[in-house]
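*Asks:* There's a structure below that I have some questions on.
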Amino acid sequence: MTCASCVTRVEKALSKLDGIENVSVNFANEKVTFESDNEVRLDEAKQAIEKHGYKLHTEVLQQEKKKPENTGRPDEYYEKIKKDLLFSILLTLPIFLISMFREFSWFTSVWHFNEDYTNKILLILTTPVIFVSGKRFYKVFWTNIKHFSFEMNSLVAIGTGAAYGYSTIATLFPDWIAVGNNLPHVYFETAAVIIVLITMGKLLEVRAKNKTNGAIKKLIELKPKEATILIDNVEKKVELESLKLGDLVVIKPGERIPADGIIDSGASVVDESMITGESIPVEKNVGSKIIGGTINKNGSFNYKITALGDNSVLGQIIKIVEEAQGSKAPIQKLADKVSSIFVPVVIITALLTFAAWIFFAEANNFNVALINFIAVLIIACPCALGLATPTAIMVGTGLGAQHGILIKSGESLEMAHKIDTIVLDKTGTITEGNPAVTDVITNGITEKELLSIAASIEKKSEHPIASAVVEYGEKLGVNFMEPESFQSYSGFGITAIVNGDMAALGNEKLMEQFSINLSAFSDKCNILSAEGKTVIFCAVNGELYGALAVEDPIKDTSAEAIIKMKNSGLKVFMLTGDNKRTAEAIARRIGVDDYFAEVLPHQKAEKVKELQEQGKTVAMVGDGINDSPALVTADLGIAIGTGTDIAIESSDITLVKGNLQSVVTAIELSRKTIRSIKQNLFWAFVYNSIGIPFAALGLLNPMIAALAMSLSSVSVISNSLRLKRVKL
């Protein structure tokens, strides 16, 4: 594809096919995505695209699934353009020099060919430039003419074709257009130089576009070429593609880990910075999960493979980044709409320019009209418009991945810069998500007896507080009983029959439902709540047996991250199921001014809606299953990567690192990416708005126009690449 108009053409061609929908073409990485009800549709899509002069490289898709690093297509395309450029320069140099100096006496004294022969020599030298190096422009133009559609190739083909065609007639049949005894002027150098400059611009553009996709290449390069597996206690080197689930892999100091798995024996420290962005190496022991692509530091261990390829963490990251880079941001719709009508408008403008100069030029009117006609066609650049958004999106999402921020689409990236309100779920987001029992209050029974009842009930639950209670019970060595008639009250607690007695374990509201009198514990519980601890009560047969205080440590980075959010102009809310005293204590410690307390799981989405109804643009940050509705409801859902798969799937952005600092980084990245996109679009619109009138008024030589057009695309890509140097 050569310009943004190609995007609209391919999308329209595919959208017309039955069974194909949601077509999206990315100009920057030259990929198309669509949904189909049948695999056979791929052949139909291929035919439809080829009818419009393009090729669908389905074989590249298959290669990418197997060995993304071996596709090679961008390099092949780059080398082909490079050869065309060198060939055209070799011929255009003498064309340009002869045309420049033919009017000087010193040149005619050494150049022994008359004007007619000189023109014929220029024709012979220019023809290969036009039909070999410039073949791609004319080939696509011819295909487009059949469908009565136009794009950048059309402008180049018409402009250079007009110069070459007129000059050829003037050379071979000079009597047709000669004025008096003088031979007509020829413009072979104009046609040849334009082909050279635009080919050079295309070469620079392809080179720069390849750089925007560097994040994917870096991720792919994280995979080692081979691994050492243990078979019957014998180490064996195998290719990465030969690994299977369940293989026992041997990892030695300094080696890169080939696939996801769980440590079977040994221990070490692993550098996960290339995946999570976290610079501090992580300790790993037996049972620890490890991620493919990370680097083992100083220990040795054996581990069993649990995930390979697309199912691995690295595979999922590559998939998310690829999908994000192939997606469109809403801001791109304006550029696509303008590009779809841009080329026809330019052609009409060029024809009007030609007509105006024919009728109003005082002398040499045809020559002047032709030059200005060509200049208008060549100066117009829909490429800059087409590249403005996707190149910035590709660099932005790639940069995010390098910092452990997985942005799922261009739309998500754009939305992040509009956010003015952040809602933070407490458990697992602000806190570590690993609560522990800190205090026990009993009423007529021993601590061990209380924990025996509480832990027996909680062992059926997967809630983090339940895990803390069970763990504390195991630590005390309590007797676990088998609960019956287990019933969970979401946001309140649990009831069950334990040893024939009806037991209830939960918060104040659950106790109220069973008319349990808590006055005996009120003072002690108020103190515990004021310390930021969550208090749960235990009652048996309607009598209060005791209470447990559970504390979930606040992440070290939470308070600092919240300060940064507030400093960047964001309003921060905390969302928790804890009572108001506990919520207030935690909010005070982390610097949050506003919070929602005693929120039941199903009410989280309602709280987000309340803020949206107040005119706020809301990002919800969470990690649990019960956060999913709120993540979907929010304008932007941000999932902590250490959380549940459901929360991650429901989100627009996933933070692999698992701390709130990345929320600030993600929003800052979005702001800088959107700023870059706006700069690109501004430059593209201004360039065309100024360039076309200048060319129409005769103030631009076509060769200068060709150079400016080529550099406009490169400047847009270069501006997007500046994002790589941004400090986050």
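*Asks:* So how strong a dipole does the chain carry about its Cα centre when Lys and Arg Cβ are +1 and Asp and Glu Cβ are -1, to the nearest 20 debye?
*Replies:* Dipole about the Cα centre, nearest 20: 2860 debye.
*Asks:* To the nearest 10 degrees, how steep is helix 152-172 against the longest Cα principal axis of the chain, on a 0 to 90 scale?
*Replies:* 10
*Asks:* Can I ask one more? Could you work out how far the C-alpha centroid of the range 499-530 sits from that of the range 306-335, in angstrom?
*Replies:* Value for the Cα centre distance between the two parts: 48 Å.
*Asks:* Okay, next question. In the range 670-728, with Lys and Arg counted as +1 and Asp and Glu as -1 at Cβ, which of these residues, S670, L707, I690, has the Cα nearest the positive end of the dipole, that is, farthest along it?
*Replies:* Selected residue: S670.
*Asks:* Which of the residue pairs K223/K566; K218/K328; K604/K672 have a Cα-Cα distance greater than 32 Å in the structure shown?
*Replies:* Details: K223/K566 39 Å; K218/K328 23 Å; K604/K672 30 Å.
As for pairs spanning more than 32 Å Cα to Cα, those are K223/K566.
*Asks:* Towards the positive end of the charge dipole of the chain, with charges on Cβ (+1 Lys, Arg; -1 Asp, Glu), say which of N526, I145, F188 has the farthest Cα.
*Replies:* Toward the positive end, the furthest listed residue is F188.
*Asks:* Among bridges DSSP assigns within the chain, what percent are antiparallel (round to 5)?
*Replies:* Details: 64 of 83 bridges.
Of those bridges, close to 75 percent are antiparallel.
*Asks:* Please give the net charge around S651, taking every other residue with its beta carbon less than 10 angstrom from that of S651, where Lys and Arg add +1 and Asp and Glu add -1. Could you put the intermediate results ahead of the total?
*Replies:* On the way: positive: K408; negative: D623, D627, E649, D652.
Local net charge: -3.
*Asks:* Per 0.36 nm of contour for each residue apart, how much would the distance between K244 and R675 grow if the chain were fully extended, relative to their Cα-Cα spacing? Numbers along the way, then the final one.
*Replies:* Values: separation 431, 0.36 × 431 = 155.16 nm, distance 4.52 nm.
Once the chain is fully extended between K244 and R675, it gains 150.6 nm.
*Asks:* In nm, to one decimal, how far is the K217 label point from the I358 one, both placed 7 Å along Cα→Cβ?
*Replies:* For the pair K217/I358, the computed spacing is 4.9 nm.
*Asks:* Please name which of I320, S628, F107 has its Cα lying farthest along the dipole of the chain towards the positive end, using unit charges on Cβ (Lys, Arg +1; Asp, Glu -1) and the Cα centre as origin.
*Replies:* The Cα lying farthest towards the positive end belongs to F107.
*Asks:* Let me ask something else about it. Give the peptides 370-377, 445-452, 582-589 in descending order of average Cβ contacts within 10 Å, highest first.
*Replies:* Values: 370-377: 27.2, 445-452: 17.8, 582-589: 20.0.
By packing density, highest mean first, the sequence is 370-377, 582-589, 445-452.
*Asks:* Scan (i) 100, 79, 52; (ii) 91, 71, 49; (iii) 124, 66, 49 for the value of Cα extents along the principal axes in Å calculated from this model and give just the label.
*Replies:* Of the listed options (i) 100, 79, 52; (ii) 91, 71, 49; (iii) 124, 66, 49, (iii) comes from this structure.
*Asks:* Another one. How many lysine pairs in the range 424-483, separated by 8 or more positions in sequence or lying on different chains, have Cα atoms less than 20 Å apart?
*Replies:* Within the range 424-483, the lysine pair count is 5.
*Asks:* Between rounded, prolate and oblate, where does the range 479-569 land on the alpha carbon gyration tensor, with a ≥ b ≥ c its root eigenvalues, rounded for a/c under 1.5, else prolate if a/b exceeds b/c?
*Replies:* Details: a/c = 2.80, a/b = 2.09, b/c = 1.33.
Prolate shape, in that a/c is at least 1.5 and a/b is the bigger ratio.
*Asks:* Right, here's the next one. Applying a 10 Å radius around every beta-carbon, put 476-486, 675-685 in order of their mean neighbour count, most first. Mind showing how you got there, number by number?
*Replies:* Working: 476-486: 14.0, 675-685: 19.2.
Ranking the peptides 476-486, 675-685 by packing returns 675-685, 476-486.
*Asks:* In the structure displayed, which of K289/K571; K211/K284; K217/K284; K83/K678 lie more than 32 Å apart, Cα to Cα?
*Replies:* On the way: K289/K571 36 Å; K211/K284 35 Å; K217/K284 28 Å; K83/K678 35 Å.
Violating the 32 Å Cα-Cα cut-off are K289/K571; K211/K284; K83/K678.
*Asks:* Magnitude of the Cβ-charge dipole of the range 244-307, K/R +1 and D/E -1, about the Cα centre, nearest 20 debye? Write out the running numbers ahead of the final one.
*Replies:* Values: 7 positive and 8 negative charges, 32 e Å.
Dipole about the Cα centre, nearest 20: 160 debye.
*Asks:* From Cα pairs below 8 angstrom and at least 6 apart in sequence, can you work out the relative contact order of the chain, rounded to a whole percent?
*Replies:* Numbers: 1386 pairs, mean separation 100.4, N = 728.
This gives 14 percent for the chain.
*Asks:* Still on this model: Add -39500 (n - 2.57) for each DSSP H run of 4 or more in the chain, then divide by its residues: what number comes out at 222 nm, to the nearest 500 deg cm²/dmol? Display every interim value, and only then the final one.
*Replies:* Numbers: 28 runs with 379 residues, N = 728.
Computed ellipticity for the chain at 222 nm equals -16500 deg cm²/dmol.
*Asks:* Sorting check: for 463-473, 226-236, which peptide has the highest mean count of neighbouring beta carbons within 10 Å, and how do the rest follow? Show your work: numbers first, answer last.
*Replies:* Numbers: 463-473: 20.5, 226-236: 12.5.
Sorting 463-473, 226-236 by mean packing, highest first, produces 463-473, 226-236.
Taken together, the values in this text are just the output of simple stated rules run on the coordinates, not laboratory data. What you are looking at is a predicted structure, and each value in this text was computed from that prediction instead of being measured. Cβ coordinates were reconstructed from backbone atoms using ideal geometry, including for glycine residues, and neighbour counts include every protein chain displayed.
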